[in-house]
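Every number here is computed from the coordinates shown, using simple stated rules; none is lab data. Predicted model only: the values in this text are computed from it and were never measured. Here the Cβ positions follow ideal geometry from the backbone for every residue, glycine too, while neighbour counts run over all protein chains shown.
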Amino acid sequence: MKTGPARQESGWPAYLGNQRHDAGARETLNPDPRPLWHLGMGRGVRGSPALGETVVAVGTADRNLVLIDRASGEVLWRSHLGGSVRCGPLLDEDRLYVATESQPQGRVYAVRLRDGRQLWRTQSGSVTAPLAFDGEAIYAATEDGLVLRLEPEHGKVQWRRPLSGAVRAGPLVTPNGLVVTTTSDTLYLLDRQTGAVRSQLSLAGAVLGTPATDGHRVYLATTNGRIVAVDLASLSVTWDRAAGDAVYGAPALVADTLFVLARDGRLWMIPVDAPNAATSHTLDIVATAGPTPLASGVLVGSVSGEVLLVDPTSGAIRWRGCCWSILRAERFAGGRKSPVPSRSRRSSATGKWW
């Protein structure tokens with residue numbers, strides 16, 4: 001077995017890189033992107049990979065956490081887990097955190113970056129939502145609506161809080177508390193230290209894509225086709241707009257603009273302080289993944305396997321490619337010069353990564 005680096009200075013502490021989901025916003029896409037390497041990952045890759053300076057970490061449906069060298073595509077190690085991985089891992093310096101669903105066992109793991117050795121594992125129940133990490137604790141939420149806080153050194157559970165409905169979107173760490181959305185069409189604000197419910201807010205539909213936040217507001221989209229901004233201080237709706245169709249993927253917040261991709265392929269750009277000035281473009285695709293804003297455009301993927309780079313001003317397609325399989329995971333990875341000249345990754349259908 002090969003070994004990975006002992007640590008990575010630039011971590012991946014939140015699903016999709018950070019809680020704004022704008023990790024790739026300063027990156028450009030080669031006008032003629034071509035794969036530099038191609039790697040079979042097993043049965044399937046679901047969820048965004050975690051990117052370090054020199055490595056990529058990916059969870060698979062066949063119960064593996066895999067560490068890959070970014071330059072060569074070489075597999076450095078595989079760590080076998082007790083269940084399949086539904087959401088991507090997090091990277092914190094010398095370790096990775098990952099959770100599994102109940103096929104057969106739902107647990108949260110800490111895995112050493114250098115060699116894939118499991119440092120600890122904690123029974124949690126089935127986790128299909130991304131993990132959250134605030135530097136002091138890991139937060140996991142289950143399909144049964146149970147939210148857990150675990151200390152990162154040994155995985156000890158510090159509190160458990162049952163909520164109504166399943167949790168499909170990742171929790172958000174905010175100055176006001178931990179934000180959790182459930183399939184009971186409810187947003188909860190929990191005290192991060194105790195797990196107590198501070199407040200809750202009814203929503204117009206379930207939230208499946210992890211919301212974005214700037215620390216003052218939470219921006220989310222629902223299966224009923226609503227795009228909503230929630231003020232954290234008052235836990236009230238600041239504004240609410242129709243998306244035209246259900247939204248399954250995560251929104252992305254770049255500067256003062258929110259990017260949202262609806263299932264019917266309509267790409268929305270919404271100024272968060274002037275939502276009535278929102279614009280949109282119809283892309284003639286079916287999409288269940290969220291958009292990835294880049295400096296050179298907005299990267300989107302379709303369920304038919306197409307990847308498009310879209311001009312956010314005109315809606316023109318600057319580049320179109322095909323992944324030859326269905327893109328089902330929540331969103332593309334972004335930032336830090338990916339192993340290909342774009343921020344794309346292979347789909348959960350084939351388990352291949354480019």
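Which of the trypsin sites (Lys or Arg not before Pro) found in the range 1-68 are loop residues per DSSP with 16 or fewer other Cβ atoms within 10 Å of their Cβ? Write down the numbers at each step before the final one.
Working: sites: Lys2, Arg7, Arg20, Arg26, Arg43, Arg46, Arg63; in loops: Lys2, Arg7, Arg20, Arg26, Arg43, Arg46, Arg63.
Of the trypsin sites (Lys or Arg not before Pro), the ones in loops of the range 1-68 whose Cβ has at most 16 other Cβ atoms within 10 Å are Lys2, Arg7, Arg26, Arg43.
Select from the range 1-91 those GluC sites (Glu not before Pro) which occupy a DSSP coil region and have at most 10 other Cβ atoms within 10 Å, ordered by residue number.
Numbers: sites: Glu9, Glu27, Glu53, Glu74; in loops: Glu9, Glu27, Glu53, Glu74.
Those that pass, being in a loop and sparsely packed, are Glu9.
Considering amide H positions built from the backbone, and no H for Pro or chain starts, which residues 5 or more places from Gly47, or on another chain, come under 5 Å of its amide H? Residues meeting the criterion, in which the H sits 1.01 Å from N, are Ala329, Glu330.
Ranked by how many other Cβ atoms sit within 10 Å of their own Cβ, fewest first, the residues Cys87, Cys322 fall in the order Cys322, Cys87.
A simple rule links phi to the HN-Hα coupling: the Karplus curve 6.51 cos²θ - 1.76 cosθ + 1.60 with θ = phi - 60°, which for the range 206-212 gives 7, 10, 9, x, 4, x, 10 Hz, with x for Gly and Pro. Full extension of the chain segment joining Glu53 with Ser202 gains 49.6 nm, where the gain is 0.36 nm per residue of separation less the Cα-Cα distance. Amide H contacts of Ser296: Leu29, each under 5 Å away and 5 or more positions distant or on a separate chain (H built 1.01 Å from N in the peptide plane; Pro and chain starts excluded). Loop-located trypsin sites (Lys or Arg not before Pro) across the range 92-129 with a Cβ neighbour count of 14 or fewer within 10 Å are Arg117, with loop assigned by DSSP.
Residue by residue, the range 253-267 carries 3J(HN,Hα) couplings of 10, 10, 6, 10, 10, 9, 10, 9, 10, 7, 4, 7, x, 8, 9 Hz when phi is fed to the Karplus relation 6.51 cos²θ - 1.76 cosθ + 1.60 (θ = phi - 60°); x denotes Gly or Pro. Sequentially through the range 36-50, phi angles give Karplus couplings (6.51, -1.76, 1.60; θ = phi - 60°) of 8, 7, 9, 9, x, 10, x, 5, x, 10, 10, x, 6, x, 9 Hz, Gly and Pro residues having no value and appearing as x. From the coordinates of this entry, Cα extents along the principal axes in Å is computed, and it appears in (i) 67, 46, 43; (ii) 53, 51, 32; (iii) 57, 57, 45 under the label (ii). Neighbour counts of other Cβ atoms within 10 Å put Met269, Met41 in the fewest-to-most order Met269, Met41.
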